[in-house]
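Reviewing the structure listed below.
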Amino acid sequence: MDLPACKAPQTNLVNKAEMTDEPETHAETAQSAAEAFAVAGGGHDAATGAVLPSINLAATFARNGSGDNAGAPSGMVYGRDENAGVMAVEETLRRLEGGEGPAYVFSSGMSAAIAALLALGPGAKLLAPDVMYWALRSWLVHDAPRHGLSVTFADMTDLEAVQRHVADGNATAIWVETPGNPLWNITDIAEVCALARAHGACVICDSTVATPVLTRPLALGADVVMHSATKYLNGHSDVLAGALVFARDDALAREARRMRQTTGPLLSPFDAMLLQRGLRTLHVRVRAQSQSALKIAEHFANHSDVEAVLYPGLPSAPGHAVASAQMTGGYSGMLSLRLRGGASTAIRVCAATRVWTDATSLGGTESLIEHRASVEGPTSPVPDDLLRLSTGLEPVDLLIDDLERAIAFATGKRSG
Ligand code: PLP
């Protein structure tokens, strides 16, 4: 199927000059945060007045007597297409991201991402970040070409490189991930979208780490926002979910929905309810986790055993200025530490922490640590001295003390 290149509407664009106008920005932020808090509640169940949407587990719906596929009075036909609880959480996500098009939820972030990529159609040319979520990068390298999607990787923080690729005709679509996992590089969404628009390319932004609390990519010109809702959106490490929110109800949105309908990765009704529940505390969690992550980053910034702290909230970070302009209210709960002692010290630190759990994933209430190069394997572009930290909701002093103790143990400065 040949889909037209997406064009971001002018009305969705945020003027950079307006973004630096302090008083107006703060007022807008406060207003949108208040609205978003209300939206994230998910509303009441109209039929019963229950303060939560109901769960309906039905896999199919009684027809209206016509014998055809017209469906039940609700308009629903079959559980692989839609579900009331799923639609409720989609509406919450659509409003949180400010989408004028639809939102669709999936059974994982990967299935959401791949539906969006396949919806681009055979012949599409994707420009993707050279460092990004590794499993999706691996799919782009190994699987995407089999679907007629060609992929070029570039440093998305280098706008001249992006401009070169787009001008050379290497991109009908651009994948952005910001902050980018696990170096937390910052891509200037508005600038990349402007470059894309000038050449008729569309932009899909993985905003898993920023969440709509900190960044709203559609307002900066993106065509689609993608989330691993497994992470901050749900926030409790008990659901696998993904989401796409579209700037417009266009051919790309319709094709992504068709993909979900035919291949089947709809979010289950029970998981939709859990995701809705997680969203109710999204703003409080993300703000608190961002504050703790900043304190941890500041604490270790000049530590004798730490080579570098990667966190966009530090003024020394290369992406700090862009992050400060496009992120509101914090820089996320994710950071990485590079240890002077190299891979072996980093691995020993993971084994020695007591509050931080050595496990993959991110965005939950519990703090997680992992040696990322071990997880990603020998082809990983991630430095092997790097520890990825997902800051949870434990008291920040406890988190800092635990890391200090584990680093001292791993470097032989203390014995237990
Ligand atoms: N995008 C990012 C930034 C991620 O960190 C992940 C998972 O870690 C994904 C996408 C994939 O999401 P899921 O694990 O829900 O399939």
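The values are calculated or read from the model by the stated rules, or taken from the named source; none is laboratory data. Keep in mind the model is a prediction, meaning the values are calculated, not measured. Counting neighbours? That spans all protein chains shown, and the Cβs are built from the backbone with ideal geometry, glycine included.
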Condition first: more than 27 Å from residue 234 (Cα to Cα) and either within 16 Å of the ligand (Cβ to nearest atom) or assigned to a loop (DSSP other than H, G, I, E, B) (or both). Now tell me which residues in segment 320-349 satisfy that. 340, 341
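Here's the yes/no breakdown for (1) in a loop (DSSP other than H, G, I, E, B); (2) at pLDDT 95 or above:
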position: 351; (1), (2): no, yes
position: 354; (1), (2): yes, yes
position: 362; (1), (2): yes, yes
position: 366; (1), (2): yes, yes
position: 369; (1), (2): no, yes
position: 379; (1), (2): yes, no
position: 384; (1), (2): yes, yes
position: 387; (1), (2): no, yes
position: 397; (1), (2): no, yes
Between residues in segment 122-142 that are over 14 Å from residue 152 (Cβ atoms) and residues that are part of a loop (DSSP other than H, G, I, E, B), which pairs lie under 7 Å by C-beta distance while being six or more apart or on different chains? 122/148; 123/148; 131/183; 131/381; 133/181; 134/380
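Here is a yes/no grid of residues against (1) part of a helix (DSSP H, G or I); (2) touching a helix residue (DSSP H, G or I) at 6+ places or on another chain (Cβ under 7 Å); (3) among the small types (Gly, Ala, Ser):
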position: 235; (1), (2), (3): no, yes, yes
position: 249; (1), (2), (3): no, no, no
position: 257; (1), (2), (3): yes, no, no
position: 262; (1), (2), (3): yes, no, no
position: 270; (1), (2), (3): yes, no, no
position: 274; (1), (2), (3): yes, no, no
Looking at segment 166-199 only, could you name the residues that are assigned to a helix (DSSP H, G or I) and of a type outside the set (Gly, Ala, Ser)? 166, 189, 191, 192, 193, 195, 197
Which condition number in (1) part of a loop (DSSP other than H, G, I, E, B); (2) under 24 Å from the mean Cα position of the chain (by Cα); (3) of a type outside the set (A, V, I, L, M) is the one that residue 295 fails? (1)
Mind checking whether some residue in segment 133-156 is in a loop (DSSP other than H, G, I, E, B), surrounded by fewer than 18 Cβ atoms within 10 Å (Cβ to Cβ) and more than 16 Å from the ligand (Cβ to nearest atom)? yes
Regarding segment 245-263, can at least one residue be identified that is of a type in the set (Ser, Thr, Tyr), on the phi < 0 side of the Ramachandran plot and without any contact (Cβ under 8 Å) to a residue 24 or more places away in the chain? yes
Looking at segment 201-260 only, could you name the residues that are of a type in the set (Asp, Glu), surrounded by 23 or more Cβ atoms within 10 Å (Cβ to Cβ) and away from the ligand (no atom under 11 Å from the Cβ)? 223
Looking at (1) over 17 Å from the mean Cα position of the chain (by Cα); (2) part of a strand (DSSP E or B), can you tell me which one residue 128 breaks? (1)
Among the candidates 192, 176, which residue alone is buried (at least 24 other Cβ atoms within 10 Å of the Cβ), within 16 Å of the chain's Cα centre (by Cα), within 18 Å of residue 131 (Cα to Cα) and of a type in the set (A, V, I, L, M)? 176
Sole residue being of a type in the set (Asp, Glu) and either within 29 Å of residue 238 (Cα to Cα) or not in a loop (DSSP other than H, G, I, E, B) (or both), chosen from 91, 100: 91
Taking segment 96-110 and keeping only residues that are under 14 Å from the mean Cα position of the chain (by Cα), buried (at least 23 other Cβ atoms within 10 Å of the Cβ) and within 15 Å of the ligand (Cβ to nearest atom), one is left with 105, 106, 109
Select from segment 38-80 the residues that are touching a Lys or Arg at 6+ places or on another chain (Cβ under 9 Å) and touching a residue at least 24 places away in the same chain (Cβ under 8 Å) and list them in ascending order. 39, 40, 41, 42, 52, 80
Output the residue which, of all residues in segment 340-390 that are crowded, with 23+ Cβ neighbours inside 10 Å and hydroxyl-bearing (Ser, Thr, Tyr), is farthest from the chain's Cα centre (by Cα). 367
Return the only residue of 158, 130, 168 being charged (D, E, K, R) and either at pLDDT below 95 or on the phi > 0 side of the Ramachandran plot (or both). 168
